[in-house]
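Where a number appears in this text, it was derived from the coordinates with a stated rule and is not lab data. Here the structure is a predicted model, which is why all the values come from computation and not from measurement. Note that each Cβ is placed from the backbone with ideal geometry, even for glycine, and that neighbours are counted across all protein chains shown.
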Amino acid sequence: MSTPKTTAGIKVPPFTRDDFGLWKMKMLLFIKASNPLYIGILENGLFVPMKPVSESTAPDGSRIPQGTQPKDITEYTDSDKELIRLDTGLMLILADSADKEMSYQLMNCTSGKHMWDTINLIMEGTKDVQENRLDILTS
């Protein structure tokens, strides 16, 4: 069995189904303490390095406006690579916290945000389910 990951001497909060709200609060605090950039990943997803693209003309003569597009992996800077690596760190924290049953649910997740959203969906349900529960409790 692996030793729990720590940040500033604080162990990763072990996942608890019976008190999910408390675990979620502790996990968010742990994630913020580990690296404040992790919260951005939870909210926005994996960082995708982009490059500017100048205005051009399509084969049919129409104009393609200036914008951005994802960089090819060969164009990544060291800074791009470091920001991409952050997602792996976040995934490790979430995987380290998960119990065996939840780990199986997370096996096919491809990013930290995907893992976080999956945990929340399993434990809290969709927004519609949450609203229905609230309606039942307040009626």
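How do the helices (runs of 4 or more DSSP H) wholly within the range 1-113 filter down when requiring 2 or more residues that are of a type in the set (Ser, Thr, Tyr) and exposed (fewer than 14 other Cβ atoms within 10 Å of the Cβ): which remain?
Qualifying helices (runs of 4 or more DSSP H): 78-97.
Could we say that Pro65 is of a type outside the set (A, V, I, L, M), farther than 17 Å from Trp116 by Cβ and touching a Leu at 6+ places or on another chain (Cβ under 8 Å) here? Quick ask: steps written out before the conclusion?
Details: of a type outside the set (A, V, I, L, M): yes; farther than 17 Å from Trp116 by Cβ: yes; touching a Leu at 6+ places or on another chain (Cβ under 8 Å): no.
No; evaluated as a whole, the condition is false for this residue.
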